[in-house]
Every structure is written in C-alpha cells, then in structure tokens.
1. Could you tell me the center-to-center distance, by alpha carbons, between segment 104-142 and segment 215-253 in angstrom?
2. Counting only residues 5 or more places away or on other chains, whose amide H sits under 5 Å from the amide H of GLY179 once H atoms are built in the peptide plane?
3. Which value, in debye to the nearest 20, describes the size of the charge dipole of the chain about its Cα centre when Lys and Arg Cβ atoms bear +1, Asp and Glu Cβ atoms bear -1, and nothing else is charged?
4. What list of ³J(HN,Hα) values in whole Hz, one per residue of segment 12-21 in order, does the Karplus curve 6.51 cos²θ - 1.76 cosθ + 1.60 (θ = phi - 60°) give from phi, with Gly and Pro shown as x?
5. What's the exposure ranking of MET7, MET200, going from fewest to most Cβ atoms within 10 Å?
6. Given labels modelled 7 Å from the Cα in the Cβ direction, how far is it in nm from GLU28 to VAL76?
7. Build a GNM of the chain with springs between Cα atoms under 10 Å: which of ASN211, ASN160, ASN221 gets the top mean-square fluctuation?
8. Given labels modelled 7 Å from the Cα in the Cβ direction, how far is it in nm from ILE303 to THR225?
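Quick note: the coordinates plus some simple rules give every number you see, no bench work behind them. None of these values were measured; they are calculated from a predicted model. Here the Cβ positions follow ideal geometry from the backbone for every residue, glycine too, while neighbour counts run over all protein chains shown.
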Amino acid sequence: MLKPLFMWAGGKTKLIEEYSSRNLLPEEFDSYIEPFVGAGAMFTWAYEKNPDAQFYLNDSNRYIMAIYDAVKTDEVTFCNIVDRYQKDYLGLPGPEMQAKNAKGKTIWVPNPAGATNKEIEKKYREGRSNDWNKLWKENVGYRTRRSYYFRVRQRYQENNFQRFSTFDSATLYFLMKTGFNGIWQTKKDTDLFNTPCGTMRHKARIYDRENVMEWSKALQNVELTTGDFMETLRYAFGREKCFIFMDPPYRGSYADFGVDFDDRLQQRVVDYLNCAKHIGSDVMMSNRDVGDGFFTQRQGTNIIETFDVTYTLGAKKQKADGTYEATKAKEILMIGKK
Ligand SMILES: C[S@@+](CC[C@H](N)C(=O)[O-])C[C@H]1O[C@@H](n2cnc3c(N)ncnc32)[C@H](O)[C@@H]1O
C-alpha cells in the first residue's frame, strides 16, 4: 500500500480510518480531485480504492509538486540522487547514538562525535545564517550530520537558476526527510525551504525507495498542477462520479505552510464545495473547529461531522519547561449535500 512520501502538517493518515469507520467516504468514483494535496494521504486511499480512476492533484506549493513530477517522470534518477545523499549523511555522526541501558533496553544517548559545536558555528555567522559551505571546507573535524544538512540546505537555497530539476527536487526531498518533522519553514522574504535539521536519529535509511517507486507507478494516471485550488473545479465539470477531497490549511494554522490562509479564503473553499456539489460531485472538506461557529454558520444543507484529534506536528503547545505537549482539538468534515 502507498504511504505518503513525506511528513506534512495536517497529514490525514489517521483521520482517514475514522472517516472510513463512519462510512463517510464514497464507495464509487471514477475521477478524483485533491486541490490541496500536501503529502496526499487521501490520494493514497483513493488510489487503493480505484487505481483506474482519473486523478487530479494540485497544491500551491510548487516545490512539492515538482517532487511529485520528478517521481512521476524521472524516478530512477531521483532515487539515485537521494541514495547518494543518504549514503553521505548516514556515514556521518549524529548528535545521538543508540546504547543499552542497565535493563538491556535500547535508548538514545548523546554522541560527542556528532554534537553541535556552537563555537565553530559562531565563527561562520553571516547575518542571519552561517556560511556552512565554508565551515564544511575548513573544519574537517566538524563534519557531522548537522553540518552536512545545513550545507546541503544552503547550496539548495543558493542555486537560484534551477530549483525544479530532478536534482533540486531530490535535494529538497533529502532535506524534508532529514529536517524537522513535517514543518515547512521558509527563508525570510522568500518561499524557499528553510526548516532546521531534525533529530537525525536515522539508522539504515532516511527514506523508502520502494515506496517512491510505487508512487511513480501510481502517478502515471495523475495530472499534477500547481496553482490556486479554485482552478481545479473545472476538472469536475461533465463528470458523473467525481470525488473531491479538500484539506485546506486549517483555520488558525496560517503559519504552518508559509501562506496566509485567512477567512476570506476559507469562505472561497466553502463556495467551491457548494459549487462542486451542484455539478454533481461527491465533495468534502476537512477543517478545524475553533469554536466560533464559522463553519456551522456556513453549513446550509451540508452535513458536518466532528472529530476529537490530537495534533503531534505543527500545532504543539510549549510547556513551561520548554518541552512540547500534543494539542487536543476538534476537526470537522463538511460533506456536500444538496
Ligand atoms: C492541510 S495541508 C494538506 C495536507 C494533506 N491533506 C496531507 O494529508 O498531507 C494544506 C495544503 O494546502 C496548500 N495550499 C495553501 N494555499 C493553497 C491554495 N490557495 N491553493 C492550493 N493549495 C494551497 C499548502 O501548500 C498545503 O500543502
């Protein structure tokens, strides 16, 4: 079974099981539109259900759409490049290593060889960031997973003429798989990936090559577009059994994807849903209920289902001791009904 290619804030994998157990998903469709695809968890469900359907996947993030495009059209080169990064990275020490505790249980302990060296990093400070390229060249003894990650990220950001080649998409994919879980942070005044490194606790691999190959196969039947979600409505016209799943950035989570998704845009999503149901599509939209009745006021004849969820990515609350606590919230699923 296909698994999402990367972690993404708002990933739907867990909720899909809940949607299925409440019988909310359509039994039959022969085309599928996902206007806010992100990591595409719902697409993986839809593809499993009917691999012969015609699929349309869209997201306004042109960099992740370029990853899908590279996986669709140039998967072997894509994987070979990621493998190369993987080999270099795994060969370097991380900030932690595995050891056995007194009870024989495997635990993570600090690894001095891969520890952060603030002293060295400070010497390469340039404005808001470090010159990791220079640091890498001049400090052979400080070649760690951390310095490697930031050096690759710097080179990716500085390469401002390509960025949509298979090489750039594979580079971004490596960064997304080793960067801080599911967060898409951007460099100031740009839309470029600027997420810090993650825990770097990788052992034998950083990604699943087989899954990428499976995606490549699945994407052969998929039209990929980058743009505003509204533009995808045209694919629904004239189709009898069309399923549309909308998962926009949630209300109150504007910072998660580096886009300002305000209430005017949330209103456009509801407008899209109403329009799609009138042309006969099975359409649904997930969102967050922040308790102000925004969606119930716009419900009309549509159905609203609610779900209690716990966020583990993106929307965590920081506790007084600096650690993070998973946040409990209410999500909704608005289902188009005439
Ligand atoms: C909540 S995420 C989707 C998560 C996805 N369902 C998953 O399972 O990973 C929302 C997505 O909407 C995209 N987005 C934001 N504004 C958009 C717009 N105007 N049109 C299309 N996509 C947009 C973001 O780039 C982001 O990937």
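1. 42
2. Placed amide hydrogens put GLY198 under 5 Å from GLY179.
3. 1600
4. After applying 6.51 cos²θ - 1.76 cosθ + 1.60, I find 9, 3, 5, 5, 4, 4, 5, 4, 5, 5 Hz.
5. MET7, MET200
6. Reported label-point gap for GLU28 and VAL76 is 4.1 nm.
7. Per the Cα network of the chain with a 10 Å cutoff, ASN160 tops the list.
8. 2.8
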